[in-house]
Amino acid sequence: MAGLYLASQSPRRTELLTQVGIDHIVVSSAYEEANKGYDDPIEMVKEQSLGKARAAVGVPEGSIVLGADTIVVLDNQVLGKPHDESEARHMLERLSGQVHSVITGVALLIKGQEIVFHNETKVYFKKLAPFEIESYIASGEPMDKAGAYGIQGKGALWVEKIEGSYTNVVGLPVEHVYDELCKALGAILI
């Protein structure tokens, strides 16, 4: 599909769209994320995805813009991307043996509409040994991921099961995005 602009620098989101055959162009967004000031994590990701889409840079008039924001929530507390190894260690220790939610907010700007929705997946983590956490941190993988892990990488070793969308945990519920695009455009895209 031509004319879709992804307002995200996430390589995982572009890989997911490419994997399912949704053509897109990656652009940056001038939106500044603020994970504070929200009582409801779902409202936060929806607002931030819309902000990212609205602030997409260099998008021609009439184009479709997609913005997204993914967070990990444990005990109603948002776990964003760790700032350092110590924070990554703390997040992984908290997730160990627990069930958490991965929530992605998605905004589509299309034909003068702002379509905003979210997807939530429950993730069951196994109990982690301290050496597993240290080895994972040493790999560098957790540093650019919400909740300090990636299900599409080594973090998959610790996921016992999920309830919901796998692609949502990676960073973009492409099956939901596809359905919303088809509805908005009135056509099947693939």
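The values are calculated or read from the model by the stated rules, or taken from the named source; none is laboratory data. If you're wondering where the values come from, they're calculated on a predicted model, not measured in any experiment. All Cβ positions, glycine included, derive from the backbone under ideal geometry; neighbour counts span all protein chains shown. Heads up: the accessible areas ignore ligands, DNA and RNA and are worked out on the full protein's heavy atoms, side chains in. Shrake-Rupley method; radii C 1.70, N 1.55, O 1.52, S 1.80 Å.
A few comments on the model shown:
- Pairs of lysine residues in segment 99-174 that meet both criteria, 8 or more places apart or on different chains and Cα atoms under 23 Å apart, total 11.
- Percent carbon-and-sulfur accessible area, segment 28-135, ignoring ligands, DNA and RNA, probe 1.4 Å: 46 percent
- Using the Cβ of residue 130 as centre and a radius below 12 Å, the other residues enclosed give a net charge of -1, where K and R count +1 and D and E count -1.
- Within a Gaussian network of the chain (alpha carbon springs, distance under 10 Å), most fluctuating of 96, 49, 139: 139
- Pairwise label distance in nanometres, residue 161 with residue 18, each label 7 Å out on the Cα-Cβ vector: 3.4 nm
- Its Cα centre serving as origin, the chain has a Cβ charge dipole (Lys and Arg +1, Asp and Glu -1) of approximately 260 debye.
- Rounded to the nearest 500, the 222 nm mean residue ellipticity of the chain from helices alone is -9500 deg cm²/dmol, with -39,500 (n - 2.57) taken per DSSP H run of at least 4 residues.
- Mean separation of Cα pairs under 8 Å and 6 or more residues apart, divided by the residue count, gives segment 22-167 a relative contact order of 24 percent.
- Among [x] 16.6; [y] 11.5; [z] 10.4, the entry derived from the coordinates for mean projected area of the Cα convex hull in nm²: [z]
- The modelled label-to-label distance between residue 184 and residue 122, using points 7 Å beyond Cα along the C-beta direction, is 3.0 nm.
- The residues of the chain expose, per residue, 48 Å² of accessible area to a 1.4 Å probe.
- Under the criterion of Cα pairs below 8 Å and six or more residues apart, the relative contact order for segment 1-64 equals 41 percent.
- Loop sites in segment 52-89: GluC sites (Glu not before Pro), DSSP, at most 14 other Cβ within 10 Å: 61
- Accessible surface for residue 118 stands near 60 Å², nearest 10, in the context of the full protein assembly shown (1.4 Å probe).
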